[in-house]
Amino acid sequence: MPVPAVPVHAVHVPAAPVPTAPVPAERVLDVPAFVRIGAFLRVRAFLRIPAVLSMGAVLAVLSGCGAGTQSAAPSPGGPAAVVASEFGGTDLAWVELMIPMDEQLLPVLDLVTAKAADPGLVAVAGELHGVYSAELPRLRAISDQAGLPTDSPHKGHKMPGLVDADRLAALRAGTGEAFEKQALDILREHLTQLANLAGSELTNGTSPTVKALAQQVAKTRGDANAKLPAAATSG
């Protein structure tokens, strides 16, 4: 008995699998790792932004970039869990920038106290020195709790409000009215930038601890700026 022919269209031939290229390792998103290093990457990205931009606006952008990381679930009980639950991207960026901002103004305040003739300028410098000396330990404690690097990547950089080595050297070399004018310019720029940065943290930050400190920064810097003499006077 002849075997019936099977129609060609009835034969099912499995399709050959389409080869797929392996996903590059750098494109695989490890969510817990992203939470742990997110702040560091945001800080590095910040350093590539021209210094002429408002640092307050930069922090606001960083906050928007980091907003999606708060819901990620890090390893229970580990350091990443502390960072993710307490600190957001703006909180970390603000703390890491505030430390060198404060540290690098202290020599300016010492110079003003030693060399300025204007009593109003000397009084503001003395007041700020006390504020910064009390504030820095709090900032460093938060930095340690968040696991940030002990050596800030912002040290030595030229950006608004951050007194770099060249500007400090020029101030040391100044005398009389020229010195006081330089000091006033540095203090006004510094205090204005810190008030702006504190405002961005208050608007975009998520940590109650960091926001409480930013509230104090906004008040102390605003008050000090208002007390600065309108112009330098020679002694």
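We did not get these values from a lab; they are worked out from the coordinates using the rules stated. Because the structure is a prediction, the values reported are computed rather than measured.
Here the Karplus curve 6.51 cos²θ - 1.76 cosθ + 1.60, taken at θ = phi - 60°, turns the phi angles of region 170-181 into couplings of 5, 5, 4, 7, x, 9, x, 5, 4, 4, 5, 5 Hz, with x standing for Gly and Pro.
For region 188-199, the Karplus equation 6.51 cos²θ - 1.76 cosθ + 1.60, evaluated at θ = phi - 60°, returns couplings of 4, 4, 4, 5, 5, 5, 5, 5, 5, 4, 5, x Hz by residue, with Gly and Pro reported as x.
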